[in-house]
1. Under 7 Å between Cβ atoms, at least 6 apart or on separate chains: pull out the pairs that start in segment 228-244 with a residue that is assigned by TED's automatic domain parsing to the domain that holds LEU187 and under 19 Å from SER37 (Cα atoms) and end on any residue that is hydroxyl-bearing (Ser, Thr, Tyr) and more than 9 Å from the ligand (Cβ to nearest atom).
2. Please work out if VAL181 is under 21 Å from GLU118 (Cβ atoms) and part of a loop (DSSP other than H, G, I, E, B).
3. From the list GLU149, GLU143, exactly one residue is surrounded by fewer than 16 Cβ atoms within 10 Å (Cβ to Cβ), closer than 22 Å to ILE41 by Cβ and away from the ligand (no atom under 16 Å from the Cβ). Which is it?
4. What is the one condition in (1) among the charged types (D, E, K, R); (2) crowded, with 16+ Cβ neighbours inside 10 Å; (3) outside any helix (DSSP H, G or I) that ARG7 does not satisfy?
5. Give me the residue from segment 44-55 that is under 26 Å from SER130 (Cα atoms) and in contact (Cβ under 8 Å) with a residue 12 or more places away in the chain and, out of that set, nearest to the ligand (Cβ to nearest atom).
6. Of the conditions (1) touching a Pro at 6+ places or on another chain (Cβ under 6 Å); (2) at positive phi, GLY112 fails just one. Which one is it?
7. What tally of residues in segment 202-231 results from selecting those that are more than 7 Å from the ligand (Cβ to nearest atom) and either assigned to a helix (DSSP H, G or I) or touching a strand residue (DSSP E or B) at 6+ places or on another chain (Cβ under 7 Å) (or both)?
8. Let me confirm something: among VAL189, VAL171, VAL199, VAL195, which residue is within 15 Å of the chain's Cα centre (by Cα), within 16 Å of the ligand (Cβ to nearest atom), free of Cβ contacts under 8 Å to residues at least 60 places away in the same chain and within 30 Å of ARG16 (Cα to Cα)?
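The values are calculated or read from the model by the stated rules, or taken from the named source; none is laboratory data. Computed from a predicted model, the values in this text were never measured in an experiment. Cβ atoms come from the backbone with ideal geometry, glycine included; neighbour counts cover every protein chain shown.
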Amino acid sequence: MSKQVDRLMDFLQKSRSLVVITGAGISTKAGIPDFRSSSGIYRQGGVNETLFHIDYFRDHPDEFYKTFGPLYEQITSAQPTYAHRFLKRLEELGRLKMIITQNIDGLHHKAGSANVIEIHGHLRQWDCLSCRASYGTEGWIDEKVKKGETPLCQGCGGILKPHVVFFGEYVMGLEKAMQFVQTADLLMVLGSSLVVYPVAGLPGYRDENAHFVILNKEATPLDDEADVVIHEDIDETLQKLGFL
Ligand code: CNA
């Protein structure tokens, strides 16, 4: 094992209060592209940050759903990766206190993790922009969205919006996330470019004695602050630790 992996193992064995921040990179092995890496959604053409801005959604819901349909299909059929299962195991062992995820794919839930803050929301709920009614993912909503069609509220005919945080909207659970970061003796970031705020600012709230680890294929703006940085595939790194 490399020195960095040895150190990570040591931190994990000693930690009693681990908090993990996850980003799109933890789910690429499940077949869901991230946003910013070389094979990410932004490099595929046709999709950019505008599509995920709340103003665009309000003004062009049909265009949004047309582009989002195939991505939704990809996300909802994906299965948890080794890393998702690894985190669930650490929770079972009583070591992992909280996962703070930027992902909307629900894969931590699918893996069975209970302590998850989904700071950018999720796709298990749909909210009417007009009358504020909420729906779980019912068959008819699922079918429509997969076909690239706009789901409408059964009560008032308003546009249904997935319960996710678009650019230009407030994130969910930030206060709670900050509190968990402050109590961590080990803070790990898995698969995030650490450029999207406010999540990119969360590591700044860690205790000065906490260890800080970043596992991400590409460099991040916080690499210099971390005790361990490994620029490799997350699953391959975690498999070397042998917890599962
Ligand atoms: P990002 O900015 O796309 O960064 C992802 C990072 O992960 C990149 O730096 C990659 O180098 C790295 N990466 C990709 N695959 C791997 C791998 N197998 N092993 C190690 N590192 C890898 O994504 P962030 O999460 O930082 O940005 C936040 C956005 C992206 C949030 O708003 C998310 O909601 C949004 N997003 C979510 C999903 C999802 O739910 N799965 C998918 C795409 C985008």
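1. ASP235/TYR82
2. It is false that VAL181 is under 21 Å from GLU118 (Cβ atoms) and part of a loop (DSSP other than H, G, I, E, B).
3. Among GLU149, GLU143, only GLU149 is surrounded by fewer than 16 Cβ atoms within 10 Å (Cβ to Cβ), closer than 22 Å to ILE41 by Cβ and away from the ligand (no atom under 16 Å from the Cβ).
4. (3)
5. By that ranking, first place goes to PHE52.
6. (1)
7. The qualifying residues number 19.
8. VAL171
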